[in-house]
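The values are calculated or read from the model by the stated rules, or taken from the named source; none is laboratory data. What you see is a predicted model; the values in this text were computed from it and never measured. For neighbour counting, all protein chains shown are included, and Cβ atoms are generated from backbone atoms with ideal geometry for every residue, glycine included.
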Amino acid sequence: MIIMKIRVNNKEIETAAQTLRQLADELQLPDKGVAMAVDNAIVPRTAWAETSVDATKDILIIKAFAGG
Amino acid sequence: METLVIAGRAFHSRLFLGTGKYSSNDLMRESIKASGTEMVTVAMKRIDLSDSGDDMLQHIVDERIQLLPNTSGVRDAEEAVFAAQMSREAFGTEWLKLEIHPDPRYLLPDSTETLKATERLVKMGFVVLPYCQADPTLCKRLAEAGAAAVMPLGAPIGTNKGLQTRDFLRIIIEESTVPVVVDAGIGAPSHAAEAMEMGASACLVNTAVAVAGDPVAMASAFKMAVEAGRMAFEAGLPLQPAGMQASASSPLTEFLNRP
């Protein structure tokens, strides 16, 4: 297993995930109310499995939150 | 009561509810239920990697309820367009409460950026409900740009000050070609009733319910106030003259014999 350092939400984390799909599983993200972008480009959920996690890029993950 | 239709979707409740500031997800869920609402706002936030937290959405998912994700936290039109796309991906809906308020003190919406973002987002297929100043000209421009409704403020967000902008809300309601949802500042059921009596299409309430001593009971109180206000509007309120001249409701003559 290769552990890689990546940047998620401006934080450096270590992950074994190689794709966004695996990263979502590793972070136990819920099925609904989550979206991801890589270097400010939105990656649709359907493309998570074929989008590789790249240490040189910034990953943004947002989720539903209470608000008015 | 007349059914409210926004962008082809029918709403049987004219009370829209925010999900912020509840002390628990259980209270939020019960308040939503008690309010009878069919439109509920949600926000987006970067996930906290150290704490996965509770998934608040699972407490709202109900096919009668339209989710209205907001763009809170964006500072200009460009950020709003990005947030809207993230929201469409996250929530699977094109509906959007567009809110652009770069000023953290009063959270007042930036009219120029709001209009610019509305124009762009409508072209991208979003159902845009912009939170905006109670500015009749701006509301006209937003409707022309394709906004599905306009959501002028009664007072700054979270202030509970009621309809400070009432004279302008009246003009907006009178002239608007799209539904008018009074958003922000509504701090008591009487404020909501007043907005509805004026002919507003709906009210969006959050703080007043969420931070009430008993949010569930308050949600129910708002439900009744919104219904009462709407019913009164549809029943046709008597005209209120600008001056203060009394108008008798009982006969003033033909009772006592006077010389």
Can you find even one residue in the range A:17-25 that is β-branched (V, I, T), buried (at least 17 other Cβ atoms within 10 Å of the Cβ) and either away from chain B (no Cβ under 11 Å) or at negative phi (or both)?
-> no
Got a sec? Which of B:T207, B:T177, B:T253 is out of contact with any strand residue (DSSP E or B) (no Cβ under 7 Å at 6 or more places or on another chain), among the hydroxyl-bearing types (S, T, Y) and crowded, with 18+ Cβ neighbours inside 10 Å?
-> B:T207
Scan the range B:73-83 for residues that are of a type in the set (G, A, S), surrounded by fewer than 23 Cβ atoms within 10 Å (Cβ to Cβ) and within 12 Å of chain A (Cβ to nearest Cβ) and jot them down.
-> B:G73
With the checklist (1) at pLDDT 95 or above; (2) β-branched (V, I, T); (3) more than 20 Å from the chain's Cα centre (by Cα) in hand, flag the one item B:I100 doesn't pass.
-> (3)
Scan the strands (runs of 3 or more DSSP E) fully inside the range B:1-71 and keep the ones with 1 or more residues being buried (at least 17 other Cβ atoms within 10 Å of the Cβ) and either among the small types (G, A, S) or within 9 Å of chain A (Cβ to nearest Cβ) (or both).
-> B:15-17, B:39-46, B:66-69
How many residues are buried (at least 18 other Cβ atoms within 10 Å of the Cβ), within 14 Å of chain A (Cβ to nearest Cβ) and within 12 Å of B:R75 (Cα to Cα) if we restrict to the range B:89-145?
-> 4
